[in-house]
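Working notes, beginning with the structure itself.
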């Protein structure tokens, strides 16, 4: 059931003013005493008031607009998924936007005010209370399964994109190659967003290491907490030069793999003879690195098809079920 929208009358009652005063503050077209203006603005924030920017009196009308919220819009991976989505969405009359997540209620309220038909979320940090907020206001939500969503609001659709199984297959490949001292190279982040066991890539890695009977010392083998790629490369180099013995590195994505390769080369070590390296995502540049990077192919076309089909069914009021898309190992020269 959709949550009752907060109205201008609600804001007026909370602030102890008339609806006319609220209108003046919102439109900034009449003088309002400072004390009253502040009360109105405070009420709008506390009630999470959604401005009527697209005439909600026309409720039921569709905007045919889908928003994709990602951890980073600079990452090639998300742009390629949106490109694939566009192939399916355009013929159905949808437009797609890509936006970086802002983990706060003001961000959510702003999106709701735009009457977006559907939101696709691929983020390891976006709060589940914000996901529920979208659906409370009638915005359909599809989640890409890159983290554990076992407790998420069941109104959300989920496309499982093979992160856990893909990483398990990477570890199996390393074990098959005789590698036993394997490090995990985590993402970098300036917002303190690093991998935990809720992240399905890291979870798949850790579970398969355990199943394979391989030791894993987080203090030595988990390279995480770095704000920049330069700092990560320096951290790997320092550990290797201080005597850390590794024979493989499994990286959260291809960008981290490129950083790891640079650090290994600085130490005078050979890839893959001394240290095998595996990426994830099959980015465009991965086949042009030297040596060419082994990686994991994410089936972006099928993911895109599942997203658009699921959202289209949701908007039409049809029942939907979770979808599963598998990944594929691509072995090149670094393993």
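The values are calculated or read from the model by the stated rules, or taken from the named source; none is laboratory data. Note that the coordinates shown come from a computational prediction; the quantities given were computed from them, not determined experimentally. No Cβ is skipped: glycine too gets one built from the backbone with ideal geometry, and neighbour counts run over all protein chains shown.
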Checking the condition more than 21 Å from the chain's Cα centre (by Cα) and either surrounded by fewer than 22 Cβ atoms within 10 Å (Cβ to Cβ) or on the phi < 0 side of the Ramachandran plot (or both), which residue from 262, 284 passes? 262
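Every residue, every condition in (1) out of contact with any helix residue (DSSP H, G or I) (no Cβ under 9 Å at 6 or more places or on another chain); (2) under 22 Å from residue 267 (Cβ atoms); (3) surrounded by fewer than 21 Cβ atoms within 10 Å (Cβ to Cβ), yes or no:
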| residue | (1), (2), (3) |
| --- | --- |
| 159 | no, no, no |
| 163 | no, no, no |
| 173 | yes, no, yes |
| 180 | no, yes, yes |
| 185 | no, yes, no |
| 190 | yes, no, yes |
| 196 | no, no, yes |
| 199 | no, no, no |
| 230 | no, yes, yes |
Working only within region 72-102, note down all residues that are assigned to a loop (DSSP other than H, G, I, E, B) and within 16 Å of the chain's Cα centre (by Cα). 72, 73, 74, 75, 101, 102
For residues that are within 18 Å of the chain's Cα centre (by Cα) and in contact (Cβ under 8 Å) with a residue 24 or more places away in the chain, scanning just region 287-304, find the one that is nearest to residue 223 (Cα to Cα). 296
Inter-residue pairs, beta-carbon under 8 Å, first more than 13 Å from residue 41 (Cβ to Cβ) and in region 17-30, second modelled with pLDDT of 85 or more and exposed (fewer than 14 other Cβ atoms within 10 Å of the Cβ), 6+ apart: 19/9
Only one of 179, 191, 187, 201 is closer than 16 Å to residue 327 by Cα, touching a residue at least 40 places away in the same chain (Cβ under 8 Å) and either under 26 Å from the mean Cα position of the chain (by Cα) or outside the structural domain of residue 307 (by TED's automatic domain parsing) (or both). Can you tell me which? 201
